[in-house]
Amino acid sequence: MGEYRSMLERVGGRAKPADDAFDRLERLRQRRQRNRRIATAVFAFVIAISGSFAAFEAFRGSNGSAAIRGTGPFYALWPELTLADAQQSQAAVDGGAGAWRLDARTTTGRFVALTLGWSDFAVTMPDGTNLDGPGPVTLDVSTLAPPCPSPLPGTEGPMNCGPQWETVTLERLVRQDATGIWSVTDVEGAFPSSDNVLSFPFAPGDTVVSGQEVSIPFVVPDGLTAVAGYTYIGKCGSSTAFENVKQDNSEILFRVAGSTFKESCTSNGSGGSSSSGPGRADLNVAIDGYVFVLASHDLDLASGWDPFTGGEPLPRDTSVVALAAVPVHFVPVPSPTPAAAAAPDVAEVACDGTTTQVLTPEVAAQPDGVHIRVTNTSSQDLSLEFRDFGGDNAPVGKNEVVWPFPPGTVELRCMDPYLDNGTPDGYVTLEVVDQNGIYHPLALECADGAVGGSPSYAEGARGWEGDPVDIVREHGIGLLPSDDVSYAGYPKQQQPQVRVVREGAVVGVFEFFDDGHGGWLMGSYQACGDAGVGLAARR
Amino acid sequence: MDRMNEPGSAVSEPVTAPTTEPAPTAEPPVTFEAFFQAEHARLLRALFLVTGNEQEAEELMQDAFLAVWERWDRVREMERPTGYLYRTAMNAFRSRVRRAARAAKRLVGCAEEDEFARADQRDAVARGLGTLTPRQRAALVLTELLGYGSEEAGEILGVKAVTVRVLASQGRTAMKEKLERSDG
C-alpha cells in the first residue's frame, strides 16, 4: 500500500492549490448566481402549449400515448421509442411536415412543455454546439416562473419552488446530417439548483440486469414526491412498473426491472403487454425500455404516470419539477448452474483477529466464481489474503467476497494488515469443487514459448459489443476452423476471459474488461508463440 | 494474479496524508470556510490524479465545494461530511466522463488533454497513470491514496465494492507493469 500511496502523493503534489482558493470559490459562486438570473431573463421564451399540441399530435398515436412499433437497437425517449416510428417521422418531415424536428432547440422546448408541463422557460446551449451534425447535443432548460402550485390542502409553509433546471440530450438517430430529425435520448433534472442532480448512472443503451438497485445522489426537496419506474417496450405495446423510492440520507434508491414481461400480440400486430405487480419475479426475457425517476408536487401524477408511454397525457395544470430518464437494454438475471450436491454455495470462514478457521472445508464453484463469507469477530477490520492470488477486505461482521479461483486448494488467512511481519503463517485451506464443470482451465499448454501483452486505450475508448466469446470468434486473428473458442475461467466472472483450444490444448487466452458503456475492451492476452493467435485492433 | 494490497480497515474519512495535511478532527468543522481550508488541497490532488488535468481538477473541486456550500447546514451535521464531498466530486467527474464519452462516439481522437499521457519518458509513475482509465484511476486514488475501503469507495463512485477492487487491481497491475518496463 505504502508504495503506491507515496507514488500517488508525489504525482498528485504537482497540483498546487491557489493561495486565494477560497476567494476564487466565493467569486465563482457569486458569478454563477448572477449568470442564472441573467440567463433566465434574457433567453426566456414562452411555449404556447395549445399551439404546440396540434403539431405534436401528428407524431403520436391516436390514443395520446407514443405509438410503439418495430424493434431494434434504437435508444431514444421522445417523441419516438422505436426506430420504425422515428423513420416514419423522418419521412413525414422529408415531406414537409413538422419541420420543428430539425431544430434541436425547438424539439427541446416542445419536449419540456409537453412532457414536463413547463410553460415559461429558457433553453440554452453551450457555445460551439454543432447543430449540423449527428449530435449528441446537450441543452439546458431552466424555468422562469417555477411551476409551484398553491400549497396542497393540509400542508403548511412554503414549498420549495426555486427555479428548476433540466438537461436534455438529443441525437440524430435516423439520418445524421442537417436533414435528420432530433430525438431526445437522455434527460437529467436539477432541483433546486444545478448541483442537486437527478441523473442515472447509465448511458443510453447500457445493459441493466433485472432487479438492479439504482442509487442516485439526490435529495428530494421538501414538499415534493419522487417516483421511479421502468418501462419495457414490446412489439405490440409497452408495460410500465413503478417502484418505491427510498431516500437514504443524500441519495435515493430504487429497484429496476424487477418484474416479468408478458406480451400478447394479435394477428394484426396490435395488442398489449404487461408486467407483473410489485414483489414479482425477475425479468424473464431481454428487452429494451427505459428507466425514469421524477419529482412532482402533484401526488396523483407522482403516484402513477409514465412520462413517455403513459396512456394519459400530462394532466392540465400539472407539471413535473425534475425528471431523469434514460433508454436502456434490460436483461434477466443469469440463471445459476445447480451447485455441487456435497458442497455449499458459499464457504464460511471465521476470523477472530489471531486465527483463521474454515467452517466449510469445501465450497461449490458458482458461475461467477467462488463465494466466501467471512465472519470477523474481532474488534477491528482485517484483511483477507489468498496465497498466490491476492487479497480482500474482512471488515468487522459478515462480508462476502467472490473470486475466480480454479477448482482445487486455496490457501487463505485473515490478518491485521498493519501487523504483517511478512511471515507466511496462519494459512488454512479451502477446497473448491466443480462437479458441474463450470470452470474452464486457462493455463496455456504451449510446445514452445508464449507471448502476451496488454494494450493501452485512450480515455473513453469503446469496446466491442456482444458476448466476449463471439467477439473473439468474429475478430480473432490466426484462428483455424477447427479451433474451439469458449469462455475461460468462470462464465459470469467479473472480468470475462476467452480461450482458444487447438487440438485439445489451450493456445490463447484473452481477458476483457467493461468499457463502461456495455462494450468489452481486451485487457490482456497470452498466446503460444507458434499459434499465431491474436485479436484485431479495435477501430 | 497480483496480490490486491488493499487497506484492511474500513475508514470513514480519508486517511490523512503525512506531513502537510491537517488531521481529521472528531468534531465537525464549524464553518464552511474552515472545512474548505482543511480539505481543498487534498481534494484537488485526488482529482488531479483522477483526471490528469489540473484545470479540470480545479473546476471539479470548485463544483463540489459549491454544492456542499449550498447545503452546508445539512452537510455539517453529517457523520462524514468529507465522504459527502468526495462523493459529490466523483459524481461530477462521472457526469463529465459520461458526456465526454458520448461526444467521443462521434469525435474519435478529440479526447481532452491528459497530462499523464504525455508525461516525460523518465516519469514512469505519471506515464503509468496515463495508461489507466478514469475509473481505474479513481478507484486507485480512493483506495490507495485516500485509504477508503472498497465498500466506501464503491459508494463514492456509485459502483459495487467488487468493481472497485477489480478497478484498483487493474490499476495496480498496469502501474506495476509500466514501472517494471521502465526499470528494465
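If you filter region A:125-150 down to residues that are at pLDDT below 85 and among the β-branched types (Val, Ile, Thr), you find that the one that is nearest to A:THR179 (Cα to Cα) is A:THR129. Of the numbered criteria (1) within 21 Å of B:PHE35 (Cα to Cα); (2) more than 7 Å from chain A (Cβ to nearest Cβ), the one B:ALA57 fails is (2).
Does at least one position in region B:106-119 carry a residue that is in a helix (DSSP H, G or I) and modelled with pLDDT under 75? Yes, because at least one residue in region B:106-119 is in a helix (DSSP H, G or I) and modelled with pLDDT under 75. Within region A:1-56, if we keep just the residues that are in a loop (DSSP other than H, G, I, E, B) and modelled with pLDDT of 75 or more, the residue that is surrounded by the fewest Cβ atoms within 10 Å (Cβ to Cβ) turns out to be A:ASP19.
Take the residues of region A:484-539 that are more than 14 Å from chain B (Cβ to nearest Cβ) and in contact with a Pro (Cβ under 6 Å, 6 or more places away or on another chain): which is surrounded by the fewest Cβ atoms within 10 Å (Cβ to Cβ)? Ranking the candidates gives A:PRO491 first. Scanning region A:100-123 for residues that are at pLDDT below 90, surrounded by fewer than 19 Cβ atoms within 10 Å (Cβ to Cβ) and not in a loop (DSSP other than H, G, I, E, B) yields a single hit, A:ASP120. Note on region A:425-481: residues that are loosely packed, with under 15 Cβ neighbours inside 10 Å and aromatic (Phe, Trp, Tyr) amount to 1. Residue selection: B:LEU140 satisfies the criterion of being modelled with pLDDT of 80 or more, at the interface with chain A (Cβ under 8 Å from one of its Cβ atoms) and under 13 Å from the mean Cα position of the chain (by Cα). Across region A:392-410, the qualifying residues are those that are facing chain B (nearest Cβ under 10 Å) and in contact with a Gly (Cβ under 8 Å, 6 or more places away or on another chain), and the one among them that is surrounded by the most Cβ atoms within 10 Å (Cβ to Cβ) is A:ALA394.
The values are calculated or read from the model by the stated rules, or taken from the named source; none is laboratory data. Remember, it's a predicted structure, so these values are computed and weren't measured experimentally. Note: ideal-geometry Cβ built from the backbone for every residue, glycine included; neighbour counts use all protein chains shown.
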